[in-house]
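This report refers to the structure that appears directly beneath it.
Just so it is clear, none of the values below were taken in a lab; they were calculated from the coordinates. All values derive from a computational prediction rather than experimental measurement. Cβ sites come from the backbone with ideal geometry, for glycine too, and all protein chains shown count toward neighbours.
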Amino acid sequence: MNRQKIGPVEVIEGERGSRIPYSATLLIHGRDHSALIDCGAGHAALEAIRQAHAVKQIFLTHYHIDHTWGAYLFPEAEKQINPYDLGKVASLTELAKANGVYAVLGEEGAKAWVKKQEQSAQGGVASWKNCLGLIHSSYHFDQVMELAGEKVVMIHAPGHCEGFCCPYFPDYGILLVGDIDLTSFGPWYCNADSQIDLFIQSAKKTLEVEAKYYITSHQKGVVTKEEYTKRLEDYLGIIEKRDEKIKRAIKAGCSPKQLVYQDVFYYKKNHLESRQYMPFEQIGLAKHLKRLIHQGEPYVDYYQQFITEHHMFEEYIDYLAQE
C-alpha cells in the first residue's frame, strides 16, 4: 500500500495502482480523531486504517461506487456526500436514473436491475448496496468547513457527474481533483448525469485554485501544479479527438449500429470480452452526438437512428437531480 503524506493529509493509493474499481483515499490526521475523503482504496487498506485510526468523519466526493463502496466499513463515522448525490445513495431507483440504467434498459429493465441490486450481498467492491441508507446528510459546496480539525472546501466541479467536487485544503495547497485523473483513457462522462462541456469547464476551473499539489483518484496520484497544467491540456484534448473520430466515422459511412465499435471510448475487443462497457459507450456517444448537433453538425437524423438502433430511451439520457 503506497502512501504519501503532505502535512496532515495522507494519500492512500488504491489497489491495482488505483485503477477501477479502486480509487485513492485521503486520510486526514487530526489531533483527536481522523477523517477520510472517499473510501475506495481497497479492503486491506481500509481495514488497516480502521484498526489504526479513530475515523469519525467521512466526506464522499460523489456517488460512484469506486469512491463510496468502503464507507460501510466505518459504522461509527459520520458520513456526508454532496447535496445532488444524497438522493442517489438513498434510493437505487434514483441511482439507476443518474448512472444511465434507465437510459439503456428503460423502466422495466431498470426495475429488474434495482431488484437484482437489492438482492446482492453487501461487501463487494461492485456492490451499490454498500452505501444504501448509510449516508443521511450533505456538506455545502464552496464553503470553508472542518474535517478532523483541518480547513477544507468542497469545490463543486460538475461534468464527470452533476455532484462531483474537488476537496481543497487551503492551508497546505492540496487539491484532490479526483476523476479529472489525467489518464490516457481520457475524461469519463458516460452517465446520464454527466455533461461534456461542464467537465471541460470544471477541469479548467481547477487551474484557478491556489494549489501546489494536485491529487488524482486513479493512477497518477500526486503531481505538481506545473505537471498538472501540462498534462491537463492533453487530457482534455482527448474530448476533441473523440469528436473528430465520430465525424470521420460518419463521413466514411459508419452506421449508427456500428458506431459503438469505432474505439471512441472503449476498444472493440473490450466490448467483445465483456458486456459491462457497452452502456457507457452508448451514453457517451449519445452525448457526443448531441454536442456535435449543438455545434451545428447535421446529425439530428443520425442521432435519432442511433437511439433507435441501440434501443435506448431518450427521455433518460440526460438527468439532473434538481429537476
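What order, most packed first, do the peptides 121-128, 168-175, 65-72 have when packing is the mean number of other Cβ atoms within 10 Å of each residue? Intermediate values should be presented prior to the final figure.
Working: 121-128: 14.5, 168-175: 19.0, 65-72: 24.2.
Sorting 121-128, 168-175, 65-72 by mean packing, highest first, produces 65-72, 168-175, 121-128.
Count neighbours as other Cβ atoms within 10 Å of each site's Cβ, and list the trypsin sites (Lys or Arg not before Pro) in segment 256-309 that are DSSP loop with at most 15 such neighbours.
Answer in residue order: Lys257, Arg275.
Most mobile of Ile81, Ile215, Ile246 per a Gaussian network model of the chain (Cα springs, under 10 Å)?
Top of the fluctuation ranking is Ile246.
When the helices in the chain are scored as -39500 (n - 2.57) per DSSP H run of 4 or longer and the sum is shared across all residues, what 222 nm value do you end up with, to the nearest 500 deg cm²/dmol?
The per-residue figure over the chain is -11000 deg cm²/dmol.
Let me check against my output: what whole-number percent is the relative contact order of segment 34-73, with C-alpha pairs under 8 Å and at least 6 apart?
Once divided by the residue count of segment 34-73, the mean separation gives 57 percent.
If the chain between Glu118 and Phe185 were fully stretched, how many nm would it gain, using 0.36 nm times the residue separation less the Cα-Cα distance?
Length difference between fully extended and current span is 21.0 nm.
Calculate the spin-label point distance for Glu297 paired with Ser255, positioning each point 7 Å from the Cα along the beta-carbon direction, and give it in nanometres.
2.0 nm
Just need the relative contact order of the chain here, percent rounded to a whole number, with Cα pairs under 8 Å and 6+ apart.
On the way: 630 pairs, mean separation 49.3, N = 323.
Averaging sequence separation for qualifying contacts and normalising by length gives 15 percent for the chain.
Which value, in debye to the nearest 20, gives the size of the charge dipole of segment 3-232 about its Cα centre, when Lys and Arg are +1 and Asp and Glu are -1 at the Cβ?
Working: 22 positive and 27 negative charges, 78 e Å.
Its charge dipole is roughly 380 debye.
Over segment 1-146, calculate the relative contact order: mean separation of alpha carbon pairs under 8 Å at least 6 apart, over the residue count, as a percent.
It rounds to 19 percent for segment 1-146.
Counting residues in the chain as N, plug N into 2.2 N^0.38 Å and put the Cα Rg over that result.
Output field value: 0.99.
Let me check I have the definition right: for segment 27-101, take the eigenvalues of the Cα gyration tensor, multiply each by 5, take square roots. What are those semi-axes in whole Å, largest first?
25, 13, 9
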